[in-house]
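Here is the structure we will look at.
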Number of protein chains: 2
Amino acid sequence: MFFLIIMYYGVIFAITIKQIYKKNSIKKKTTIKDIANVLNISAAAVSKALHNDPRISDKTKKAVKQVAENLNYQPNHLASALRSGKSKLVGVIVPRTNSNFFSSVIQNIEQVLNKEGYNIIITQSNESFKKECECIDTLLYTQVDGIIASMANQTTDLSYYEKIKSKGIPLILFDRGENDLNVDYIGIDDYNSSQIIVKHLIEQGCKRIAHIGGYKRTRIFNNRIKGYLDALKKHHLPLNEELLLECDLTIEDGREKMLQLLALKNRPDAVYVAGDYAALGALQVLNEQKINIPNEIALVGFGNEPFSSMVTPTITSIEQHSSEIGKQAALSFLDYSKKETITQTLTKKILDVALLVRASSDRKNS
Amino acid sequence: MFFLIIMYYGVIFAITIKQIYKKNSIKKKTTIKDIANVLNISAAAVSKALHNDPRISDKTKKAVKQVAENLNYQPNHLASALRSGKSKLVGVIVPRTNSNFFSSVIQNIEQVLNKEGYNIIITQSNESFKKECECIDTLLYTQVDGIIASMANQTTDLSYYEKIKSKGIPLILFDRGENDLNVDYIGIDDYNSSQIIVKHLIEQGCKRIAHIGGYKRTRIFNNRIKGYLDALKKHHLPLNEELLLECDLTIEDGREKMLQLLALKNRPDAVYVAGDYAALGALQVLNEQKINIPNEIALVGFGNEPFSSMVTPTITSIEQHSSEIGKQAALSFLDYSKKETITQTLTKKILDVALLVRASSDRKNS
DNA sequence: TATAGTTAGTTAAACGTTTAAGCAGTTTGA
DNA sequence: TCAAACTGCTTAAACGTTTAACTAACTATA
C-alpha cells in the first residue's frame, strides 16, 4: 500500500491510497440458455416458465425458478427490451433536481411507475435549451417508453418535442408546459393562485400590491401576471405599471427587484413574488433595511420551498402539491401506454393549490 | 372537447379536459438497414461508417451520414448495448435527491460522464435498506456498466454490494461508504473536520462544547465523534458524556436534542451539530427560547445546505465540496472502466473541507 | 510478372430474449 | 371410435447492432 497526493487546487486537497488487488475472476452471467441446459429443456420453455405462461406445467415452472435462483440468474433487460420493443424505462426531464418541487415530483413519479415495473431515467436541462435537446436525444437513444418533462425556461422552439411525438412516444408535460404541443399536461391553476394571493393581501389591508414575476413568455408566469392584474381590477385597486416587474426569479433577481421597488417615490405595502427563491432575496433586502414585515410591507412567495418556513420571518407561500403532480404525471403516462387504440384522449389535469399563510403576510398575528 | 371533474380529495381538485385526437401514424423507426438499402451497401458498412471505421471510404461515410440525417436515424441503444456488452449507462444510488449535497454530486457525476458518452440512471434508496436492494437489482437488470453509490443509513448487510462486485461491475462509493467492501471511495476527512470545528469554537472562547451527532454505526458519523472527542482532549477540555448525543439528524431530532442540552444543570456554551438539518432544529429552539446566538450558545452545522446561509442567524457550517466529490467519483469510474488488466488499483480519495464561519458562531462580529 | 499488401467493402454469426407457429401425445365428447 | 380440443413443450425467426473473418479489386514491390 502506498499513499499518493494527487492534487492541490483551491481548498481541495486529496489523498489517494492505492492498493493493488486481484480483479475478480468475472463469472460469465447466467442466461436462460444455461438454465435450459441444466434442465434439458428449450430456452423458450425457460422464458415462458419465468413469465408464468399457462402453457408450461407447474412442475417445470418450479424447477426453472429453482435453477434460476441457484445460478443467480438476472434477466438481461437489453435483450428483452430489444426483442419486445418495450424498454420499461421512462425518461424524466427537469430543469434541475435540487429544488424541492422537482425532487418531490420525481420521487412520486418513480413510486407510481415502479409499481408497474417501470424504471425512470432522470435528466436535467439546467434551464438550457441546448441541454434540453441533448436530454431528449439521450432518452430517445435509450429507447424509453415515454417521457415526462418540465420545460426549461429558455425553451421556445418546440421542434425537439415534436420529434418525440412524431416517434409515437408518449409525452407528458408538467409545471412548465406549452399549450400548443397538444400533449398531456399536469399543472396548477396559476391564474387562480394569483387571485388567491391578491385576495389574501387585500384582506390584510394592503392597498399597493407589487408583483415580482417571471417572464411573460413562459406560460405559467404569464398566467400569474394575468391573475394578479385581474384580481386588482376585480377589487378595484388601480393597476400600476411600476409595481409589475419581470425577471428570472433567482435570489439575486429578488434582491434587485426589491431594491427597485423600495426606490419608488410611492412604495408598495405588499409584494407578491412569483417564486420562493426571489422572495427570499426580497426578504433579505427588507430585513437589511429594517423594514417591518408584514406591517410595513407584506411578502408572499410561490412554491413552498422548504426554506420558506425556515427563514425569519417565515414566508407565506403557495403549495403546489408536488407529490400529486408527480403521481398524476405518472398515471397519465400509464394511461397512455395501456391504450392501443388509434384515437387517444388528450388530458390536461389542473390541480388546486393551497395558500400557506405565514408570518411574512400575517398582520393579525404580528 | 368536454370538461370532466375527476377527483376531489383533501385540498386537491383537478379538472381534466379531454380531447379526442388521432394517434400519430407511428413511422417505423429507421435502422441501419434502411440506410443500407438506400445506398445499396451492407448494414455492416453503415455501422462502420457511422463509427468512422478507417476501412470505409470518406465518400461512403459522407453519404451514410447524409442519409442518416435525412431519415432521422436514431441509433438503437438496446441493440448496440446488447451486442457490444457495454450499455454506456452508469447507475447512481443516493439516499435522496432533495438534499443539495446529493443533487450537486449527481450533477457533477453526470457532467463528467456525459462527456465520455455515458448516461446515468439515478435511483433513490430513501435511507431504506430494502429499497436500496431494489435499486441495486434494478441497476443490474438494466445492465449498467458501473454503479456509484452512497449507502443508506440503515445499511449494515453488504451482501447486495458484494453481488455487484461479484458480477465484475465497477462499484464506487462516496460519502457513506463502508471500508470493508474494498472498493473505490470518495469522501471527506470527517475526523479532521470535527477537529477544525472544535478548534474554531475554542478560538471563539467556548469551553463547554456539546456534540449532536449521527449514530456511531455509520462510519462517517463515528469519525466525526472521534474527531470531536480527540479535539477536546488535545485542547485539554474535559470530556463530558452528557454533552455527546446521537440521533438521526433530522430537524425534529435537532430540536429534541437541543432541548435536552438546555435542560442540563450545566448548559453548554457551544453546540456542534453533525448535520445542517438538525442544526436548523437546534437553531429554532434557541431562537424560540430567546437564547443569544452565538454569545450565549454558539452553533455549528455540517454540510452547508443552502438554507444555512438563509436563516437568522446564518449558521456556520462545513462545505464538503460536493461538486468535487461528484467529479472524482465519476473519474474513478472512468479510470476503472478503461483498465482491462487483471489487477486493479483500489483508490480512496479524501477531499479537504472548508469551514464557513457565519453569524451563529462568530462572536467577534456580533 | 508473380507476390504481397492495401482498400473498401461483404457475409454471417452473435448478443439474450420473446413469440408465432408447429407438433407430439393425451383427453374429451357425441 | 375418431375428430376436435387441450397440454406441454420445441423450433426457428426476429429485435438492431457489432465484429471477426473473408473477399474482390487495386496498387506497390522485387
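The values are calculated or read from the model by the stated rules, or taken from the named source; none is laboratory data. Treat the numbers as computed from the prediction; the structure is a model and nothing was measured. Note that each Cβ is placed from the backbone with ideal geometry, even for glycine, and that neighbours are counted across all protein chains shown. Please note that ligands, DNA and RNA were not included when accessible areas were found on the heavy atoms of the full protein model with its side chains. Shrake-Rupley method; radii C 1.70, N 1.55, O 1.52, S 1.80 Å.
Things to note:
- Matching residues in segment A:52-80 - criterion: being away from DNA strand C (no atom under 12 Å from the Cβ) and of a type in the set (K, R): A:K59, A:K61, A:K62, A:K65
- Criterion (of a type outside the set (K, R) and more than 12 Å from every other protein chain (Cβ to nearest Cβ)) met by exactly one of B:I297, B:I315: B:I297
- The requirement of being touching a Cys at 6+ places or on another chain (Cβ under 6 Å), without any contact (Cβ under 8 Å) to a residue 60 or more places away in the chain and either outside the structural domain of A:I169 (by TED's automatic domain parsing) or small (G, A, S) (or both) is not satisfied by A:K290.
- B:N182 being in contact with a strand residue (DSSP E or B) (Cβ under 7 Å, 6 or more places away or on another chain) and open to solvent by 50 Å² or more (accessible area, probe 1.4 Å): yes
- Taking segment A:157-168 as the range and being touching a helix residue (DSSP H, G or I) at 6+ places or on another chain (Cβ under 8 Å) and surrounded by fewer than 21 Cβ atoms within 10 Å (Cβ to Cβ) as the test, the residues that pass are A:D157, A:L158, A:Y160, A:E162, A:K163, A:K165, A:K167.
- Some residue of segment B:351-360 being buried (at least 21 other Cβ atoms within 10 Å of the Cβ), of a type in the set (V, I, T), within 12 Å of chain A (Cβ to nearest Cβ) and in a helix (DSSP H, G or I): no
- Candidates B:A36, B:A49, filtered to the one that is more than 30 Å from B:Y141 (Cβ to Cβ), free of Cβ contacts under 8 Å to residues at least 12 places away in the same chain, near DNA strand C (Cβ under 9 Å from one of its atoms) and buried (at least 17 other Cβ atoms within 10 Å of the Cβ): B:A36
- Matching residues, segment B:232-258, being in a helix (DSSP H, G or I) and closer than 22 Å to B:D175 by Cβ: B:I251, B:D253, B:G254
- Scanning segment A:259-294 for residues that are part of a loop (DSSP other than H, G, I, E, B), open to solvent by less than 60 Å² (accessible area, probe 1.4 Å) and within 14 Å of chain B (Cβ to nearest Cβ) yields one hit, A:I293.
- Residue pairs whose Cβ atoms lie under 7 Å apart, separated by 6 or more positions or on different chains, with the first residue in segment A:61-82 and under 21 Å from B:K163 (Cβ atoms) and the second open to solvent by less than 40 Å² (accessible area, probe 1.4 Å) and outside any helix (DSSP H, G or I), are A:L71/A:T30; A:N72/A:T30; A:Y73/A:T30; A:N76/B:Q143; A:H77/B:T142; A:H77/B:Q143; A:L78/B:S87; A:L78/B:Q143.
- In this structure, B:I120 does satisfy being without any contact (Cβ under 8 Å) to a residue 40 or more places away in the chain, of a type in the set (A, V, I, L, M, F, W, C) and not assigned by TED's automatic domain parsing to the domain that holds B:I35.
- B:N37 being more than 36 Å from the chain's Cα centre (by Cα), more than 8 Å from DNA strand D (Cβ to nearest atom) and in a loop (DSSP other than H, G, I, E, B): no
- Residue count for segment A:185-213 satisfying the condition of being touching a strand residue (DSSP E or B) at 6+ places or on another chain (Cβ under 8 Å), modelled with pLDDT of 95 or more and of a type in the set (G, A, S): 4.
- Among the criteria (1) farther than 25 Å from A:S99 by Cα; (2) open to solvent by less than 20 Å² (accessible area, probe 1.4 Å); (3) among the β-branched types (V, I, T), the one A:I202 does not fulfil is (2).
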